[in-house]
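Comments concern the structure below.
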Amino acid sequence: MGALRPLAAMAFCLALAPAALAQEANDNLNAVLWMQKSVEYKANAEAVFALAKIRLDEALKDKSRTAAPAEQTGNFRDLTPAVIADADETVLDNSGYQAWMVAKGETFNPKTWTQFVKSQTSTAIPGAVEFAKYAESKGVRVFYVTNRTKEEEPATRENMRKLGFPMTANIDTILTAREQPNWGSAKGTRRAVIAKHYRILLLLGDNFGDFTDDYKGSVEERQKVYEANAAHWGTDWLMLPNPSYGSFESAPFGHNFKVPLEEQRAAKRAALAPWSGQ
């Protein structure tokens, strides 16, 4: 029996080898895989932009409509029509950065994110360029309200130009965070600037904050805000899918990213509504 022990030990080590060599599990693996490789994601995005064309045409015919009731006041009927889209994961696909984080076991870092932005390797979300061109052909100005920073705007603009997005030479259509003193992560102040001169027909985004500044509440508070705006969803507020990141994931831990990762994960688990098993 003693002679068999080295063989048994070797077999045990070989059995453990795949687990030892495997990468640590990453919460974002399936989400990024779905966004990069699934036809389901592409079909979903194409469907949203197909609907956006229909809703755009409807809104053009009804001058009483605005997609920004909180920011659009006064007589806006005859203002030049515009749509507002977020950039990241709404018209720009940054899944390469998300995949890099999964592959390297990294988390979001402003420094590496800026490096990614400056690499100009974001691709276009399926249907996004075609929708932007369609809107422009109808005389509708397309604005991009993004939380990319002022310093990241030149690379963003060039990346989008290379992808075929219409870029207006004499008008700044990319409104970035910190571009003006009161332009923080909430986007209402930037929507208000656009609303002074344009009738806003549609809002497009992938995160609750692309539509309302009341996005940083608890899971329950966000649900109430969602329900209060029921008339907008699918009509003039159009949401792109993004299971990879956003305010949905931080709501369970109070949007406080200083909380340790394990505590964040525990809060997200606690927010789940699992089957009882019976």
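The values are calculated or read from the model by the stated rules, or taken from the named source; none is laboratory data. These figures come from a predicted structure and were not determined experimentally. Here Cβ is always computed from backbone atoms with ideal geometry, including for glycine, and neighbour counts include all displayed protein chains. Accessible surface areas use protein heavy atoms only, side chains included; no ligands, DNA or RNA. Shrake-Rupley method; radii C 1.70, N 1.55, O 1.52, S 1.80 Å.
Would you call N159 of a type in the set (S, T, N, Q), in contact (Cβ under 8 Å) with a residue 60 or more places away in the chain and over 25 Å from H255 (Cβ atoms)? Taking the combined requirement at face value, the residue satisfies it. Look through E40, E24, E71, E89 and report the one residue that is modelled with pLDDT under 95, of a type in the set (D, E) and either out of contact with any Ser or Thr (no Cβ under 8 Å at 6 or more places or on another chain) or within 28 Å of G139 (Cβ to Cβ) (or both). None of the other options fit; the residue is E24. When we screen E152, E158 for residues that are open to solvent by less than 30 Å² (accessible area, probe 1.4 Å), more than 27 Å from L79 (Cβ to Cβ) and acidic (D, E), the only hit is E152.
Answer with yes or no whether A132 is crowded, with 22+ Cβ neighbours inside 10 Å, in a loop (DSSP other than H, G, I, E, B) and at pLDDT 95 or above. Here the answer is no, as A132 does not meet what is asked. One residue stands out in region 110-129 among those that are hydroxyl-bearing (S, T, Y) and assigned to a loop (DSSP other than H, G, I, E, B): the one that is surrounded by the fewest Cβ atoms within 10 Å (Cβ to Cβ), namely T121. Only a single item in (1) within 24 Å of T156 (Cβ to Cβ); (2) at pLDDT 95 or above; (3) open to solvent by 70 Å² or more (accessible area, probe 1.4 Å) is not met by T107, and it is number (2). Note on region 35-64: among residues that are without any contact (Cβ under 8 Å) to a residue 60 or more places away in the chain and more than 25 Å from G96 (Cβ to Cβ), the one that is most open to solvent (accessible area, probe 1.4 Å) is K61. Which numbered condition in (1) within 19 Å of the chain's Cα centre (by Cα); (2) at pLDDT 95 or above; (3) not in a strand (DSSP E or B) is the only one that Y144 fails? The number of the failed condition is (3). Within this structure, S185 passes the test of being modelled with pLDDT under 95, out of contact with any Phe, Trp or Tyr (no Cβ under 7 Å at 6 or more places or on another chain), among the polar types (S, T, N, Q) and over 17 Å from A52 (Cβ atoms). For residues that are of a type in the set (G, A, S) and surrounded by 15 or more Cβ atoms within 10 Å (Cβ to Cβ), scanning just region 186-231, find the one that is farthest from the chain's Cα centre (by Cα). Once the filter is applied, the top-ranked residue is A195.
Each residue in region 250-278 was checked for being open to solvent by 30 Å² or more (accessible area, probe 1.4 Å), in a helix (DSSP H, G or I) and either more than 30 Å from A43 (Cβ to Cβ) or modelled with pLDDT under 95 (or both), and 7 pass.
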